[in-house]
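Asks: The structure under discussion is supplied below as structure tokens; questions concerning it will follow.
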Amino acid sequence: MHVSPFFRNLRTAYLAELDDMRHDSEGKDVLDRRLAERRSELGFLAAMMELSPEMVAVVLHKAFQFRSGPAMERLLACEAGNMTAWDSVSDSITIAPWAQATAQALRKHPGGDNFLCVAAALEYMVGSTRHAAGGADQGDDADDADAESDDDRDADERQPLSADDLDDADAQTREDARADWMAAQGFDRKD
């Protein structure tokens, strides 16, 4: 399956946004509370749909159920300028009851349908391991572009889809790196 550079980059930003929201300064998991706060700011955030979709898409975190993998895979191959229409993928997506009013409010804004496609694609990638394992493009052309993208695909295959997919060793390494950075900034290390 082919994931466009647009969605590959957005996935990274989206995962970072979720990771930033996940824990407070004491290390407690506060993702649900912060998502609720973000959802209450929807009027303000809607203006950012085009500029920073990953910051707005978190309001729909865990709002989608996908009935058609192939439809989502076609969507993931799109670039920003040639996005699949929401009406063509909405039949393959169920929006959770708690998120339906949010989705309808977003659709009323310019670019709202496009944004819903982006948000659904991001959620599909966060919840799916198929796109990282698939790796190779399906196509007739075996030119230099394919050869150059092999390195990118190899790197993608090694990347976890979310912080939840990291094993304990990776989590400890990340925690050590955070502690080192904080100490370098002049903060005391936590015990």
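The values are calculated or read from the model by the stated rules, or taken from the named source; none is laboratory data. Keep in mind that what you see is a predicted model, and the values were worked out from it rather than measured. Cβ coordinates were reconstructed from backbone atoms using ideal geometry, including for glycine residues, and neighbour counts include every protein chain displayed.
Asks: Pairs needed: first member in segment 2-17, farther than 10 Å from A80 by Cβ; second member anywhere, part of a helix (DSSP H, G or I) and among the β-branched types (V, I, T); C-beta distance under 6 Å; at least 6 residues apart or different chains.
Replies: Final answer for the pair search is E17/V58.
Asks: Next question, about the same structure. Among the candidates A179, A101, A169, single out the residue that is surrounded by 13 or more Cβ atoms within 10 Å (Cβ to Cβ), at pLDDT 50 or above and either over 17 Å from the mean Cα position of the chain (by Cα) or not in a helix (DSSP H, G or I) (or both). First the steps, then the outcome.
Replies: Working: A101 fails: surrounded by 13 or more Cβ atoms within 10 Å (Cβ to Cβ); A169 fails: surrounded by 13 or more Cβ atoms within 10 Å (Cβ to Cβ).
Sole residue among the options that is surrounded by 13 or more Cβ atoms within 10 Å (Cβ to Cβ), at pLDDT 50 or above and either over 17 Å from the mean Cα position of the chain (by Cα) or not in a helix (DSSP H, G or I) (or both): A179.
Asks: Further, regarding this structure: Consider E50 carefully, then state whether it is at pLDDT below 90, under 16 Å from D113 (Cα atoms) and assigned by TED's automatic domain parsing to the domain that holds W98.
Replies: Details: at pLDDT below 90: yes; under 16 Å from D113 (Cα atoms): yes; assigned by TED's automatic domain parsing to the domain that holds W98: yes.
In short, yes.
Asks: Next up: So which residues in segment 64-89 are exposed (fewer than 12 other Cβ atoms within 10 Å of the Cβ) and outside any helix (DSSP H, G or I)? Steps first, please.
Replies: Looking only at segment 64-89, we keep the residues that are exposed (fewer than 12 other Cβ atoms within 10 Å of the Cβ), and these are 67, 70, 79, 81-82, 85, 87.
Once the filter is applied, which keeps residues that are exposed (fewer than 12 other Cβ atoms within 10 Å of the Cβ) and outside any helix (DSSP H, G or I), segment 64-89 yields R67, E79, A85.
Asks: Still on this structure, please answer the following. Which of the residues that make up segment 29-53 are within 16 Å of F7 (Cβ to Cβ) and either of a type in the set (S, T, N, Q) or in contact with a Ser or Thr (Cβ under 9 Å, 6 or more places away or on another chain) (or both)?
Replies: If the condition is that a residue be within 16 Å of F7 (Cβ to Cβ) and either of a type in the set (S, T, N, Q) or in contact with a Ser or Thr (Cβ under 9 Å, 6 or more places away or on another chain) (or both), then S52 is the only one that fits.
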